[in-house]
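> Questions regarding the structure given below will be posed in turn.
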Amino acid sequence: MSVILVTGSYDHEIRFWEAWSGICSRTIARTGETGQVNRLAISPDKRLLAAAIHKKVNIYEIGSPLNEPLVTFESHTMNISAVAFHSEGKWLVTGSEDGTIKIWDLRTSSLHRTYDNGAPVNDVIIHPNQGELISCDQSGSIKQWDLAENVCSHELTPAGDVPIRSVTLASDGSCLVAGNNKGQCYVWKVNEENTNLPRFQAVTRFQAHGKYLTRCLLSPDARYLATCSADTTVKIWSISPTYEFKLERILVGHQRWVWDCAFSADSAYLVTASSDHTARLWEMASGETVRQYNGHHKAAVCCALHDGAG
């Protein structure tokens, strides 16, 4: 499969879509199971799908017709809010409302490590160097975790105790953006080499939405930032070399909260998932909906797209 597009919903279903035709090609209906699908991630080699379902993570084989998971990771005691794959697929990281971040070894199907974040975790991403994690939480903190040293090496609290909902890092590690419950975005330049400068250098902040922000995501080419919100819109911000963020366009069409988004590998398209039960494929150049994906019976709250090299 050259393009893998997956959505998850409060209807307990995971749906695979043919991106261009809009046809649902496979449904994993978890009959008898409780808990909604919170987050989805596709492994870099396109072989595995990780689905965060309430307090557990199911790992499915994408190429298999079987709807039973290959393995299930269980250790979190509350809702899992984030899931991400290591670049070589060796491990998986999860963040949870139980205040912990966990690393799972995919080779041995076991829990490898647990970090105590001290507050409910809203998002976790893996640094492009694969040696650090960046998390954000309900207490308003952004933390960087050093996997080699096994410690929290840096902590930022840009807006006091206002919960940070989402974090995103440029593919080259140079820029960090975080969005909070009040619709504000904060931007830092990340200094990797120069030890005379602070690791995170605040460069700007701006009001992205007037309502709750649910997700912020930098495009693979780091030229754009997408922000999703309770106001039913997705906003696309262009980023200058000096880190100025300019509102490029507003994607209008969803009827309810927009929860999640995913860029195509070439940054030309964006997929979004909404409480209006649908997902949409948007063309970045025009801001138009290219395709709408209909089939979920309740809120579509997460999506994952992998159309790059496997």
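The values are calculated or read from the model by the stated rules, or taken from the named source; none is laboratory data. The shown structure was predicted, so the numbers you read here are calculated from the model rather than taken from an experiment. As a convention, Cβ positions derive from the backbone with ideal geometry for all residues, glycine included, and neighbour counts pool all protein chains shown. Each accessible area value is taken on the protein alone, full model and side chains, heavy atoms only, with ligands, DNA and RNA left out. Shrake-Rupley method; radii C 1.70, N 1.55, O 1.52, S 1.80 Å.
> Mind listing whichever residues of the range 255-283 are farther than 17 Å from Arg15 by Cβ and either open to solvent by less than 30 Å² (accessible area, probe 1.4 Å) or aliphatic (A, V, I, L, M) (or both)?
Residues satisfying the conditions are Val258, Phe263, Ser264, Ala265, Ser267, Ala268, Leu270, Trp282.
> Has the range 297-309 got at least one residue that is farther than 19 Å from Arg165 by Cβ, at pLDDT below 95 and either hydrophobic (A, V, I, L, M, F, W, C) or in a strand (DSSP E or B) (or both)?
Yes: the range 297-309 contains one or more residues that are farther than 19 Å from Arg165 by Cβ, at pLDDT below 95 and either hydrophobic (A, V, I, L, M, F, W, C) or in a strand (DSSP E or B) (or both).
> Suppose we filter the range 139-176 for residues that are surrounded by 15 or more Cβ atoms within 10 Å (Cβ to Cβ), polar (S, T, N, Q) and under 19 Å from Phe263 (Cα atoms); how many remain?
Here the count works out to 3.
The rows are residues; the columns are (1) open to solvent by 10 Å² or more (accessible area, probe 1.4 Å); (2) under 17 Å from Arg113 (Cβ atoms); (3) polar (S, T, N, Q).
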position: Arg47; (1), (2), (3): yes, no, no
position: His54; (1), (2), (3): yes, no, no
position: Ser75; (1), (2), (3): yes, yes, yes
position: Asn79; (1), (2), (3): yes, no, yes
position: Ala82; (1), (2), (3): no, yes, no
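> Sticking with this one: So which residues in the range 195-208 are within 18 Å of Pro128 (Cβ to Cβ) and in a loop (DSSP other than H, G, I, E, B)?
Selection gives Arg199 alone.
> Which one is most open to solvent (accessible area, probe 1.4 Å) among residues in the range 182-219 that are among the aromatic types (Phe, Trp, Tyr) and under 21 Å from Ser139 (Cβ atoms)?
Tyr212
> A further question on this structure: Hey, can you tell me all the residues within the range 220-238 that are more than 16 Å from the chain's Cα centre (by Cα), more than 21 Å from Trp257 (Cβ to Cβ) and open to solvent by less than 40 Å² (accessible area, probe 1.4 Å)?
Correct list: Ser238 only.
> Next up: Quick test for you: out of Lys246, Lys211, pick the one residue that is among the basic types (Lys, Arg) and either touching a helix residue (DSSP H, G or I) at 6+ places or on another chain (Cβ under 8 Å) or not in a strand (DSSP E or B) (or both).
Lys211
> Next question. Within the range 190-222, can you find the residues that are touching a Ser or Thr at 6+ places or on another chain (Cβ under 7 Å) and not small (Gly, Ala, Ser)?
Applying the first criterion (touching a Ser or Thr at 6+ places or on another chain (Cβ under 7 Å)) to the range 190-222 yields 190, 208-209, 211-222.
Once the filter is applied, which keeps residues that are touching a Ser or Thr at 6+ places or on another chain (Cβ under 7 Å) and not small (Gly, Ala, Ser), the range 190-222 yields Val190, His209, Lys211, Tyr212, Leu213, Thr214, Arg215, Cys216, Leu217, Leu218, Pro220, Asp221.
> Taking interchain pairs and intrachain pairs at least six residues apart, which have beta carbon atoms under 8 angstrom, with the first residue in the range 33-45 and closer than 27 Å to Lys90 by Cβ and the second surrounded by fewer than 21 Cβ atoms within 10 Å (Cβ to Cβ) and among the small types (Gly, Ala, Ser)?
Once the first residue is closer than 27 Å to Lys90 by Cβ and sits in the range 33-45, its partners that are surrounded by fewer than 21 Cβ atoms within 10 Å (Cβ to Cβ) and among the small types (Gly, Ala, Ser) give Ala41/Ala84; Ser43/Gly89; Pro44/Ser87; Pro44/Gly89; Pro44/Gly310; Asp45/Gly89; Asp45/Gly310.
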